[in-house]
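The values are calculated or read from the model by the stated rules, or taken from the named source; none is laboratory data. Source: prediction; values computed, not measured. Heads up, the Cβs are rebuilt from the backbone with ideal geometry, glycines too, and the neighbour counts pull from every protein chain shown. Ligands, DNA and RNA are stripped out before the accessible areas are found, and what is left, the full protein with its side chains, is counted by its heavy atoms. Shrake-Rupley method; radii C 1.70, N 1.55, O 1.52, S 1.80 Å.
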Amino acid sequence: FRRVELEPLPHMTLDFVKLLNEVCEQCYRDFAPDDVEVKVREHILQDFENFLRCQVPGAKLVLFGSSKNGFGFKQSDLDICMTLEGLDTAEGLDSMAVIESLTKALRKHHGLRNILPITTAKVPIVKFYHTKTGLEGDISLYNTLALHNTELLASYAAIDIRVKILCYVMKVFAKVCDIGDASRGSLSSYAYTLMVLYFLQQRSPPVIPVLQEMYVGEKKPVVLVDGWDVHFFKDLKNLHKYWPEYKKNKESVGQLWFGLLQFYTETFNFKETVICIRRKEPLTTFKKQWTSKHLAIEDPFDLSHNLGAGLSRRMASFILKAFINARTVFGTPVRCFPPEYSNKMEYF
Ligand code: ATP
Ligand code: MG
């Protein structure tokens, strides 16, 4: 992410900001799942759990990821976490043996195809394809931190509808520009969501607070999971009492989307600063010893985890170019946008 010369943009017009806003809102309406689709996911989960319980005693399943964090697409994968009743952590668990019995069990399920265990990943998983819905998914074991970051993202999504809309716009942008697939060397959608949240925290006035820095009482509580502090402020109903900037930001989603593109192309210094949503004060790549990375995005709980660590120089520059092009496209007033996606589903 080297500094590049940016072309000056023509003056923004009120009409164009309005159009931008409509495009963002339309994107959200087009891609957000409806109530039935949400229920279908819960139904599949329940069916799996009932089925698995006969084969893997004590198996408990929970949905996480975008099925639960408020930024799900109709065709998003099903992220499922499995735990065993009576066993709080994976310590002492023979994960490989459990993955093996889980694979065997899932292969007996008539509604599933392409059951594939992946044991080389950081978190071992079993992938599957659900024939009836065409949904792909995976089951991981004791992916506890992911359950917490799902809840954190869901809390931010619940604070303001603009958070939700912008995260959808960002995810669509990443998919359309082909920069949103971590398994192919780019960034995960989780990483893009963190980029949006960071921008919204740093905006002046901010759209969202830093929930991990907020607490009620004298001292910030520490809740440890897998050795990491997962505390964050959960009493959202009373957010206005504890966050003085509540509802101070009145910008439209269109303004914020263009603001985000400007922020990451004109203001933010990728070389020196870490994208970090757990604190308001800037965090330097120097402090983290992440200076050799092209892009640093700190996981909000697992602080040793840089979501940008896997980016090659080429990919990092490809991503930055996508942002620079978007800044020009969304920053140049035109009377209407061409229909970018004719068939909404083909991208997902
Ligand atoms: P999508 O709609 O693209 O599926 P998603 O948020 O579900 O979005 P996934 O890649 O399916 O993204 O990841 C599922 C969940 O796993 C994420 O929401 C997040 O909670 C967790 N996760 C994914 N990648 C990481 C990562 N690199 N580090 C920590 N947690 C991650
Ligand atoms: Mg997912």
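Could you tell me which residue out of L63, L45, L84 lies farthest along the dipole of region 35-146 toward its positive end? Charges go on the beta carbon: Lys and Arg +1, Asp and Glu -1, centred on the Cα centre.
So the residue we want is L45.
Hey, can you find the accessible area per residue of the chain for me, probe 1.4 Å, expressed in square angstrom?
52
For region 35-146, what ratio Rg/Rh do Cα atoms give with a Kirkwood hydrodynamic radius?
Rounded to two decimals, Rg/Rh equals 0.93.
List the aspartates and glutamates whose Cα sits under 12 Å from the Cα of K250, skipping any in the same chain fewer than 8 residues away.
Within reach: D160.
Residue farthest toward the positive end of the dipole of the chain, with Cβ of Lys/Arg at +1 and Asp/Glu at -1: which of T119, L200, P333?
P333
Express the carbon and sulfur contribution to the solvent-accessible surface of the chain as a percent, rounded to the nearest whole number, probe 1.4 angstrom.
Percent of accessible area from carbon and sulfur atoms in the chain: 53.
Which length gain, in nm to one decimal place, applies between K248 and N269 when the Cα-Cα distance is subtracted from 0.36 nm times their residue separation?
4.9 nm
Calculate how steeply helix 189-202 sits against the longest principal axis of the alpha-carbon atoms of the chain, using the helix alpha-carbon long axis, and give the answer as 0 to 90 degrees to the nearest 10.
For helix 189-202, the angle is close to 40 degrees.
Among 261-274, 197-210, how do they line up from the highest to the lowest mean number of other beta-carbon atoms within 10 Å?
My ranking of the peptides, most packed first, is 197-210, 261-274.
Among the lysines, which have Cα under 29 Å from the Cα of K132 when same-chain residues fewer than 8 positions away are ignored?
Reachable lysines: K39, K60, K68, K74, K104, K108, K164, K171, K175, K344.
Rounded to whole Å and ordered largest first, report the semi-axes of the equivalent ellipsoid of region 141-229 derived from its Cα gyration tensor (root of 5λ).
That gives 25, 19, 10 Å for the three semi-axes.
Find the relative contact order for the chain and round it to a whole percent, using C-alpha pairs within less than 8 Å whose residues are 6+ positions apart.
Over the chain, the number comes to 19 percent.
Return the whole-Å distance between the Cα centroid of region 278-334 and the Cα centroid of region 192-241.
About 20 Å separates the Cα centre of region 278-334 from the one of region 192-241.
Starting from the Cα of R107, step 7 Å along the direction of its Cβ; do the same at Q55; then give the gap between the two resulting points in nm.
0.9
Sorted by accessible area (1.4 Å probe), largest first, how do R41, R279 line up?
Listed by decreasing accessible area, they come as R279, R41.
Normalised radius of gyration for region 203-348, please: alpha carbon Rg relative to 2.2 N^0.38 Å, two decimal places.
Compared with the compact-globule rule of thumb, region 203-348 sits at 1.27.
Could you report the accessible area of V17 in Å², rounded to 10, computed with a 1.4 Å probe on the protein chains as they sit in the structure?
My reading of the accessible area for V17 is about 30 Å².
Compare A59, A32, A191 in a GNM of the chain, Cα atoms joined below 10 Å, and give the one with the largest fluctuation.
Comparing A59, A32, A191 in a Gaussian network model of the chain, the most mobile one is A59.
Can you give the translational diffusion coefficient of the chain in µm²/s, computed by Stokes-Einstein from the Kirkwood radius over Cα pairs at 25 °C and 0.890 mPa s?
So the translational diffusion coefficient is about 113 µm²/s.
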